[in-house]
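Data first, discussion second: the structure below is written as structure tokens.
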There are 2 protein chains.
Amino acid sequence: MTPNATEKRVLTAINERREVINDAIDIELPLAEPQRLYEASRYLLEAGGKRLRPTVTLLVGEALADEDTAAFEYRAFPTCSGGEVDLMRAAVAIEIIQSFTLIHDDIMDDDDLRRGVKSVHNQYDTETAILAGDTLYSKAFEIMADVGGDPTNTLEVMRRLSSACTKICEGQSLDVAFESRDDLTPEEYLEMVERKTAVLYGAAAAVPALLVDADDDIVEAMYNYGVESGKAFQIQDDVLDLTVPSEELGKQRGSDLVENKETLITLHARQQGVDVDGLLSDSTVETVTEAEIDAAVKTLEDAGSIDYARDMAEELTAQSKKRLEVLPDNEASDLLADLAEYLISRGY
Amino acid sequence: MTPNATEKRVLTAINERREVINDAIDIELPLAEPQRLYEASRYLLEAGGKRLRPTVTLLVGEALADEDTAAFEYRAFPTCSGGEVDLMRAAVAIEIIQSFTLIHDDIMDDDDLRRGVKSVHNQYDTETAILAGDTLYSKAFEIMADVGGDPTNTLEVMRRLSSACTKICEGQSLDVAFESRDDLTPEEYLEMVERKTAVLYGAAAAVPALLVDADDDIVEAMYNYGVESGKAFQIQDDVLDLTVPSEELGKQRGSDLVENKETLITLHARQQGVDVDGLLSDSTVETVTEAEIDAAVKTLEDAGSIDYARDMAEELTAQSKKRLEVLPDNEASDLLADLAEYLISRGY
């Protein structure tokens with residue numbers, strides 16, 4: 001299968017599941033009273049998003065169910081022990097947690113745009129955005145608590161979900177603290193990425209395994225699959241910012257560099273003695289030229305820093321795919337492998 | 001027993017339990033990494049607080065255990081079905097949720113002071129305060145998930161805790177929305193108070209009953225005890241603001257009125273045709289005189305509005321005490337009755 005055919009297949013799988021996930025979000029998070037609060041809570045979810053994390057949740061469930069059916073009953077999903085669980089609620093809860101973190105992160109980072117629309121605090125106000133995030137937080141736990149099945153499993157899921165949320169907060173706190181650090185190491189950066197981004201992918205993959213009562217080694221393998229592919233995803237983001245043309249990126253290529261955002265690439269370059277701060281020191285996102293960016297990228301390439309990040313993303317992806325060996329060999333497990341590849345091969 | 005002796009007894013009970021609750025908070029919420037995040041998360045908890053909600057949690061457990069012991073093993077608390085549960089973790093989780101709501105509310109209301117110290121966003125910054133609140137939120141769920149005992153009970157506790165958190169967000173949203181409403185009714189105000197304040201008291205009382213495996217009617221009675229006494233507590237706050245001398249209040253008497261804060265008292269007065277907005281229209285907290293406040297209070301008294309609120313608080317307290325009839329007759333259940341009285345008899 002050519003890379004292009006793989007990408008097509010995984011995009012089709014994502015698109016199909018996005019439809020049903022979106023329908024389920026409407027059901028699980030209705031426009032309740034007070035209306036303004038729920039409008040603000042739903043605003044970002046309605047603005048779009050690929051639903052990658054809930055898709056991982058559904059696919060892990062499908063792979064473990066190992067049934068040859070195109071139309072899974074996600075709401076009454078078969079468990080290994082012969083029971084039923086509402087896998088769709090679990091998927092929706094994961095996506096709602098993701099949405100909550102975006103809303104609060106955008107306030108903290110003062111980002112005006114998200115998913116092509118205004119961020120929630122920009123569209124409404126900071127007070128409403130704080131409260132919308134808080135509401136999504138508790139709704140996610142409410143939704144997850146009612147997936148049915150074995151209470152012991154659901155409780156373990158709640159434990160892991162809350163632990164993941166704590167780590168996300170810690171990761172965001174590290175991210176903010178790192179802005180004023182000039183002695184950051186790649187290892188510290190990776191630790192931040194793991195907590196801020198990757199643990200929720202880990203939860204997205206481990207939760208369905210727990211809910212369908214899979215063996216502990218499968219649960220742990222799925223968690224590691226999620227964490228590793230989530231880390232690769234974030235590292236690849238740094239690479240894409242430098243290597244993908246601005247038209248495809250949808251924003252100025254090299255903007256991380258212009259804005260002095262520390263990435264795995266710049267941290268590696270510093271360790272190689274590159275004067276990273278001097279690379280585009282006089283430029284802004286508005287004034288920087290393609291030639292200046294080309295020169296900066298060339299310096300980073302010569303230092304081996306872009307290859308360093310790309311290699312790490314590929315290595316993590318290969319590791320994550322090996323985790324899938326515990327799964328039955330079927331279409332869903334193949335799609336999980338393709339999805340991991342897609343996370344580092346996609347355009348922006 | 002004179003009112004004074006009752007108050008003394010309940011204060012002793014609160015103080016004794018506060019010590020052990022504070023020790024447990026230190027254990028369950030250690031100063032982890034990133035240190036600044038956990039410092040900010042612990043800041044308000046360290047600043048003080050009576051620990052009324054976790055005290056309710058412990059007392060309901062003690063009443064149901066019905067054992068004559070001065071030193072309860074809260075960490076290995078006996079359940080009705082012969083098992084054990086860590087009641088102290090449950091109490092700590094409830095207090096942490098309370099602390100989370102205070103931190104985010106202070107940002108939204110732009111309050112600079114809390115518990116006699118700077119509010120978290122004032123001491124640190126808004127970003128840190130948002131994240132500290134979020135961290136407490138997930139830590140509370142993490143702590144609650146590990147109370148042990150029957151997983152079915154713990155899962156039901158997690159369900160109720162997340163549902164309570166959603167209602168708290170809805171209540172805060174209503175509170176903000178009400179600021180721009182001029183047609184608010186006392187009923188709407190009470191609904192807001194129930195969600196914003198009272199449901200967490202309800203959870204504080206229902207959670208221990210659930211965890212020790214009490215019958216459903218006891219769980220519901222405890223929930224209603226908490227909600228009703230919590231509502232009474234909030235209504236009494238409005239009364240105290242007008243009737244307790246400034247020295248005792250620790251702030252200017254009548255400040256709610258000066259700041260045009262709508263309360264049950266003003267809403268009732270409006271319904272009686274009182275020109276509430278004209279009462280202290282030219283005053284600020286700094287310039288208002290005792291004579292002006294006396295005159296305003298006299299107008300509200302003549303309209304029956306202060307008695308209306310006081311009667312409602314007393315009625316709710318009487319109702320809440322009746323809920324305790326399902327409990328065994330012992331020292332702890334007596335203390336729960338005293339505590340309900342204390343909530344409306346206390347100074348500020």
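Of all the residues in segment B:105-114, those that are touching a residue at least 60 places away in the same chain (Cβ under 8 Å) and facing chain A (nearest Cβ under 9 Å) number 1. Take the conditions (1) out of contact with any Lys or Arg (no Cβ under 8 Å at 6 or more places or on another chain); (2) at the interface with chain B (Cβ under 8 Å from one of its Cβ atoms); (3) farther than 19 Å from A:I94 by Cα; A:L174 misses just one of them, which is (1). For segment A:177-199, name all the residues that are among the hydrophobic types (A, V, I, L, M, F, W, C) and either within 12 Å of another protein chain (Cβ to nearest Cβ) or touching a Phe, Trp or Tyr at 6+ places or on another chain (Cβ under 6 Å) (or both). Matches in segment A:177-199: A:A177, A:F178, A:L184, A:M192, A:V199. A:V117 versus (1) touching a Phe, Trp or Tyr at 6+ places or on another chain (Cβ under 9 Å); (2) at the interface with chain B (Cβ under 7 Å from one of its Cβ atoms); (3) more than 17 Å from B:I130 (Cβ to Cβ): which is the lone unmet condition? The one condition A:V117 does not meet is (2).
Within segment B:234-249, residues that are under 16 Å from B:E290 (Cβ atoms) and of a type in the set (V, I, T) have Cβ atoms under 9 Å from residues that are assigned to a loop (DSSP other than H, G, I, E, B) and at pLDDT below 90 in these pairs: B:T243/B:R253; B:V244/B:R253; B:V244/B:G347; B:V244/B:Y348, counting only partners at least 6 apart in sequence or on another chain. The residues in segment A:121-132 that are more than 7 Å from every other protein chain (Cβ to nearest Cβ) and touching a residue at least 40 places away in the same chain (Cβ under 8 Å) can be counted, and the count is 5.
Among the residues examined, B:A93 qualifies as under 20 Å from B:Y201 (Cα atoms) and assigned to a helix (DSSP H, G or I). From the list A:V56, A:V117, A:V92, the one residue that fits, being at pLDDT 90 or above and more than 26 Å from B:R195 (Cβ to Cβ), is A:V56.
Count of segment A:151-161 residues, restricted to those that are farther than 13 Å from A:A204 by Cα, buried (at least 20 other Cβ atoms within 10 Å of the Cβ) and in contact (Cβ under 8 Å) with a residue 12 or more places away in the chain, is 2. Going by what's in this entry, would A:L190 be described as at pLDDT below 95, aliphatic (A, V, I, L, M) and surrounded by fewer than 23 Cβ atoms within 10 Å (Cβ to Cβ)? In short, no. Does B:A63 qualify as being among the small types (G, A, S), out of contact with any strand residue (DSSP E or B) (no Cβ under 8 Å at 6 or more places or on another chain), in contact (Cβ under 8 Å) with a residue 60 or more places away in the chain and not in a loop (DSSP other than H, G, I, E, B)? Answer is yes for this residue.
Residues in segment A:141-170 that are more than 7 Å from chain B (Cβ to nearest Cβ) and part of a helix (DSSP H, G or I): A:I143, A:M144, A:N153, A:E156, A:V157, A:R160, A:L161, A:A164, A:K167, A:I168. Looking at this structure, is A:A291 in contact (Cβ under 8 Å) with a residue 12 or more places away in the chain and either more than 18 Å from A:H268 (Cβ to Cβ) or surrounded by 15 or more Cβ atoms within 10 Å (Cβ to Cβ) (or both)? Considered against the rule, which asks whether it is in contact (Cβ under 8 Å) with a residue 12 or more places away in the chain and either more than 18 Å from A:H268 (Cβ to Cβ) or surrounded by 15 or more Cβ atoms within 10 Å (Cβ to Cβ) (or both), A:A291 comes out as no. Of the helices (runs of 4 or more DSSP H) contained entirely in segment A:214-258, those carrying at least 1 residues that are basic (K, R) and within 14 Å of A:Q319 (Cβ to Cβ) fall at A:216-243.
The single condition from (1) modelled with pLDDT of 95 or more; (2) away from chain B (no Cβ under 14 Å); (3) surrounded by fewer than 21 Cβ atoms within 10 Å (Cβ to Cβ) that A:P30 fails is (2). If you go through segment B:48-63 and keep only what is crowded, with 17+ Cβ neighbours inside 10 Å and either among the acidic types (D, E) or touching a Lys or Arg at 6+ places or on another chain (Cβ under 7 Å) (or both), you end up with B:G49, B:R51, B:T55, B:L58, B:E62. Could you check segment A:224-254 and list, in sequence order, the residues that are touching a helix residue (DSSP H, G or I) at 6+ places or on another chain (Cβ under 6 Å) and charged (D, E, K, R)? Within segment A:224-254, A:E228, A:K231, A:D238, A:D241, A:R253 meet the criteria. Within segment A:253-280, being buried (at least 19 other Cβ atoms within 10 Å of the Cβ) and of a type in the set (S, T, Y) holds for A:T263, A:T266.
The values are calculated or read from the model by the stated rules, or taken from the named source; none is laboratory data. Predicted model only: the values in this text are computed from it and were never measured. Virtual Cβ from ideal backbone geometry, glycine too; neighbours counted across all protein chains shown.
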